[in-house]
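The numbers here are math on the coordinates, done by the rules we state, and not lab data. What you see is a predicted model, and the numbers here were worked out from it, not measured in a lab. As a convention, Cβ positions derive from the backbone with ideal geometry for all residues, glycine included, and neighbour counts pool all protein chains shown.
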Amino acid sequence: MPKTVIFDLDGVITDTARFHFLAWKRLANKIGLDIDDAFNEKLKGVDRMNSLELILAQGTKKYSEQEKLAMADEKNEDYKVLIEEMTAKDLLPGAHSTLTSLRKMGIKLALASASKNAATILNKLGISDLFDYVVDSNQVKHGKPAPDIFLLAAKQLGSSPSECIGVEDAVVGVQAIKSAGMYAVGVGDPKVLTQADMVIPDLTGFPVGEAFSATFNKVLA
């Protein structure tokens with residue numbers, strides 16, 4: 001019986017991608033670059049500094065580490081202003097019902113997000129109390145697709161990787177779950193999330209109650 005479900009945040013529980021994109025686009029434009037929606041797909045699940053490196057690689061100018069840190073901080077301050085208006089209305093379909101159902105079943109819940117603003121966003125969404133543990137990229141040495149963030153969440157909740165289910169919408173996130181030795185549920189397009197063990201369109205398709213046991217007990221015995 002699975003003991004723990006570890007969720008990604010962006011694209012699974014809520015969608016802050018549009019806020020990230022707008023903040024990154026503003027920064028890119030400021031330094032003479034531009035990014036579009038297609039490029040934004042490359043930033044999904046990627047932490048802040050690595051996202052910045054991907055954007056800077058679109059140009060030829062070189063920046064010092066201090067300049068890069070300043071740019072990342074500027075983007076984050078812009079992003080924090082943009083997410084200030086988030087509320088429970090910004091929860092994606094099935095998110096609240098799935099989380100509350102799993103809690104009632106006694107399943108431990110963790111959040112593993114590349115976003116350093118994850119705790120703030122959970123507060124804005126009104127769901128902080130539904131999670132037993134929250135880990136972000138500040139707390140691990142290597143971001144996704146490395147398994148560090150999922151392994152830390154499992155460790156903090158006293159679960160072995162084989163007792164955990166990870167839920168992700170990004171390719172790098174699914175790779176991180178599989179590298180951690182966990183069962184991967186992808187949220188999105190099965191043609192994209194090819195490494196996931198199961199793919200659902202959104203959390204309305206996540207098995208809960210008797211369906212949870214019937215689905216996962218067979219594969220996590």
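Any residue in region 22-42 that is buried (at least 19 other Cβ atoms within 10 Å of the Cβ), within 24 Å of A88 (Cα to Cα) and in contact (Cβ under 8 Å) with a residue 60 or more places away in the chain? No; the residues of region 22-42 include none that is buried (at least 19 other Cβ atoms within 10 Å of the Cβ), within 24 Å of A88 (Cα to Cα) and in contact (Cβ under 8 Å) with a residue 60 or more places away in the chain. Checking each residue in region 81-101 for being of a type outside the set (V, I, T), exposed (fewer than 14 other Cβ atoms within 10 Å of the Cβ) and either touching a residue at least 40 places away in the same chain (Cβ under 8 Å) or more than 24 Å from L203 (Cα to Cα) (or both) picks out E84, P93. The lone criterion from (1) surrounded by 15 or more Cβ atoms within 10 Å (Cβ to Cβ); (2) farther than 16 Å from L9 by Cβ left unmet by G158 is number (1).
Reported count of residues in region 73-126, each being in a loop (DSSP other than H, G, I, E, B) and either of a type in the set (A, V, I, L, M) or under 24 Å from I165 (Cα atoms) (or both), is 12.
Inspect all residues belonging to region 133-153 and state whether any of them is in contact with a helix residue (DSSP H, G or I) (Cβ under 7 Å, 6 or more places away or on another chain), in a helix (DSSP H, G or I), of a type in the set (D, E, K, R) and surrounded by 15 or more Cβ atoms within 10 Å (Cβ to Cβ). No, region 133-153 has no match at all.
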